[in-house]
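The values are calculated or read from the model by the stated rules, or taken from the named source; none is laboratory data. All values reported here derive from a predicted model rather than from experimental measurement. Please note: Cβ atoms are built from the backbone with ideal geometry, for glycine as well, and neighbour counts cover all protein chains shown.
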Amino acid sequence: MSTALITGPTAGIGKSIAYQLAEKGYDLFLVARREDRLQDLKSDIENKFQVRVHYLKSDLASPDAPQEIYDYGKGMNLDISTLILNAGYQINTKLEEATLQEEEDCLRVLGLSVIMQSKLYIKDLMSRGGGHIMVVSSMAGFSPPSTEFAILYGPVKTFMNRFVEALNGAYNKNNIYSTALCPGFTVTEFHTMSGTQDRMDKVPSFMKLSADQVAQEGIDGMFKNKEIVIPGNLNRLLISVLRFFPTGAIKWIGNKIAGGRYK
């Protein structure tokens, strides 16, 4: 069976994707910063699904990480057919409060590493006759960016959505299909790690999805070669009506739902 590379698989959406792909019979190549969690994940998935799991401790904030990841996979002769580029976080401070290094690291994880990993694997996917790339983006890529914190997060996700479109325009003819998975509010460690759990707690429960549901809809959409996947009927409705609402109204609704996103 071919191998799926997954970045950020030790929690949340990435972890759910790892289990669901393993259940489908995929071998896995897992990349994250926390080696103890990678070891536990490898052991559990191999025992449950009888697939092979390789892992590499790597920090995608490092400029050398994409090449390091690629070289490790080549050295292990892994037949990578699927890229799940999921790693991400946000900086919960105002732009002027974060250091230049903090902003550069975040942009590298959310954007540059995605581009570089895709670039490194494109020729291999072409040689094997095709494959899939999933970029875990966000509904933030379709809505006005926050005026209070993490103001670069939404713009970078918009960029990633356009990058997916560009990949499809260039490589669909080679049977390489890219998908931007754009979840809304999802119950994961993301908000705790980013220091925004208090805002997440204010979001109505009916607007929150589980990581498992997001992962399932993302995987289903990816294998159907969908370019954009927005999990959840309500989220799809919200995105469809965003085009017709003035920005002021969207910000007012966002403040009511997300507790001060657009102060």
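Among the residues here, residue 158 does not qualify as more than 20 Å from residue 181 (Cβ to Cβ) and β-branched (Val, Ile, Thr).
Among the residues making up segment 219-243, those that are more than 24 Å from residue 152 (Cα to Cα) and either of a type outside the set (A, V, I, L, M, F, W, C) or modelled with pLDDT under 95 (or both) are 220, 221, 224, 225, 226, 232, 233, 234, 237. No other residue among 117, 90 is assigned to a loop (DSSP other than H, G, I, E, B) and either touching a Ser or Thr at 6+ places or on another chain (Cβ under 6 Å) or within 19 Å of residue 161 (Cα to Cα) (or both) apart from 90.
Inspection of segment 93-106 finds a residue satisfying the criterion of being outside any loop (DSSP other than H, G, I, E, B) and in contact with a Gly (Cβ under 9 Å, 6 or more places away or on another chain).
Could you list, in sequence order, all residues of segment 64-110 that are touching a residue at least 12 places away in the same chain (Cβ under 8 Å), β-branched (Val, Ile, Thr) and surrounded by fewer than 19 Cβ atoms within 10 Å (Cβ to Cβ)? Across segment 64-110, the qualifying residue is only 93. As for segment 156-178, it holds at least one residue that is assigned to a loop (DSSP other than H, G, I, E, B), free of Cβ contacts under 8 Å to residues at least 60 places away in the same chain and more than 16 Å from the chain's Cα centre (by Cα).
A single member of 60, 83 is hydrophobic (A, V, I, L, M, F, W, C), under 26 Å from residue 164 (Cα atoms) and either out of contact with any Lys or Arg (no Cβ under 9 Å at 6 or more places or on another chain) or assigned to a helix (DSSP H, G or I) (or both), and it is 83.
The one condition from (1) buried (at least 18 other Cβ atoms within 10 Å of the Cβ); (2) under 27 Å from residue 21 (Cα atoms); (3) not hydrophobic (A, V, I, L, M, F, W, C) that residue 153 does not meet is (2).
Against the list (1) modelled with pLDDT of 95 or more; (2) small (Gly, Ala, Ser); (3) assigned to a loop (DSSP other than H, G, I, E, B); (4) over 23 Å from residue 225 (Cα atoms), the condition residue 73 fails is (3). For residue 35, the conditions (1) within 17 Å of residue 15 (Cα to Cα); (2) acidic (Asp, Glu); (3) surrounded by 15 or more Cβ atoms within 10 Å (Cβ to Cβ) are fulfilled apart from (3). Scanning segment 211-235 for residues that are out of contact with any helix residue (DSSP H, G or I) (no Cβ under 8 Å at 6 or more places or on another chain) and surrounded by 15 or more Cβ atoms within 10 Å (Cβ to Cβ) yields 213, 217, 221, 222, 226. For residue 46, the stated conditions hold: it is charged (D, E, K, R) and more than 23 Å from residue 186 (Cα to Cα). Note on segment 1-32: residues that are more than 20 Å from residue 128 (Cα to Cα) and either modelled with pLDDT under 95 or not charged (D, E, K, R) (or both) total 17. The single residue among 15, 48 that is among the charged types (D, E, K, R), buried (at least 21 other Cβ atoms within 10 Å of the Cβ) and outside any strand (DSSP E or B) turns out to be 15.
Let's see how each residue does on (1) under 21 Å from residue 88 (Cα atoms); (2) not aliphatic (A, V, I, L, M):
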| position | (1), (2) |
| --- | --- |
| 4 | yes, no |
| 12 | yes, yes |
| 17 | yes, no |
| 21 | yes, no |
| 27 | no, yes |
| 45 | no, no |
| 58 | yes, yes |
| 67 | yes, yes |
